[in-house]
Amino acid sequence: VLPYDQLMQELDVSNVRELEDFLINECMYSGIVRGKLDQLRRCFEVQFAAGRDLTPDQLTNMIETLSDWLGTSDNLLHQIQEKIKWADTTSELNKKHQKEFEDRVEEAKKSVKADNDLRGHDDFLSESGGIMDFEEDRIRPKRRRQPMA
C-alpha cells in the first residue's frame with residue numbers, strides 16, 4: 001500500500017488528479033503495475049508490479065546493450081552538435097553577405113544620386129517626360145516604310 005502523499009512527493013506531482021492520471025495512463029495501461037486506487041484512504045494498493053530483476057547470465061547482455069546504446073547516443077549527439085555549428089556558421093555568412101549586398105546597393109544609390117545632382121537632373125527617374133508609357137505608344141501614329149526601288 002503506497003500513500004498518495006509519498007507517491008506525489010517521489011514522482012514530483014502537484015495534485016491527486018495528476019497522480020491518478022499518471023498511475024492509470026502511464027503505469028496501469030502499460031502493464032507495469034496493477035492495483036486499486038483508493039481515494040478515501042488516499043493510497044494505491046499494488047496487486048502486481050513488473051519485475052526488474054536480472055539473472056547473472058542476463059547481466060552481461062544488458063551491459064552490452066546499454067553500452068551500444070550509449071555509444072550510439074554519443075555519436076548522434078556529436079553529429080547534432082556538428083550540424084548546429086554548420087548551421088550557425090552558414091547563418092553568419094549569409095548575414096554577412098546580406099549586409100555587404102545592402103551596403104553596395106546603398107553606395108550605388110548614392111553614386112547615381114550624386115551623378116544626377118552633378119548633371120542637374122534631380123528628378124530624372126521620377127519625371128514622366130523621358131519615359132513613354134504603353135498608352136502613349138499605342139495611340140502614336142506609326143511611320144510607314146518607303147518601298148525600296
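Throughout, read-outs are computed from the coordinates displayed, never taken from laboratory work. Every value quoted in this text rests on a predicted model; they were computed, and no experiment measured them. Every residue, glycine among them, receives a Cβ derived from its backbone with ideal geometry; neighbour counts consider all protein chains shown.
Which of the lysines could be linked to K99 by a straight reach, that is with a Cα gap under 27 Å, when you skip same-chain ones fewer than 8 residues away?
Those lysines meeting the cut-off are K83, K85, K109, K110, K113.
How big is the dipole moment of region 1-52 about its Cα centre under a simple scheme where the beta carbon of each Lys and Arg is +1, that of each Asp and Glu is -1, and everything else is neutral? Debye, nearest 20, please.
240
Around K96, what is the net charge, scoring Lys/Arg as +1 and Asp/Glu as -1 over all other residues with Cβ under 15 Å from its Cβ?
Spelling it out: positives minus negatives among the neighbours equals -2.
Please report the net charge: other residues with Cβ closer than 15 Å to the Cβ of M62, K and R +1, D and E -1.
Details: positive: R52; negative: D53, D57, E64, D68.
Taking every other residue near M62 into account, the sum is -3.
For the pair E10/L37, report the inter-label distance in nm, with labels modelled 7 Å from Cα in the Cβ direction.
1.7
State to the nearest 20 debye the size of the charge dipole of region 36-92 about its Cα centre, where the only charges are +1 on K and R beta carbons and -1 on D and E beta carbons.
Dipole magnitude for region 36-92 comes out near 440 debye.
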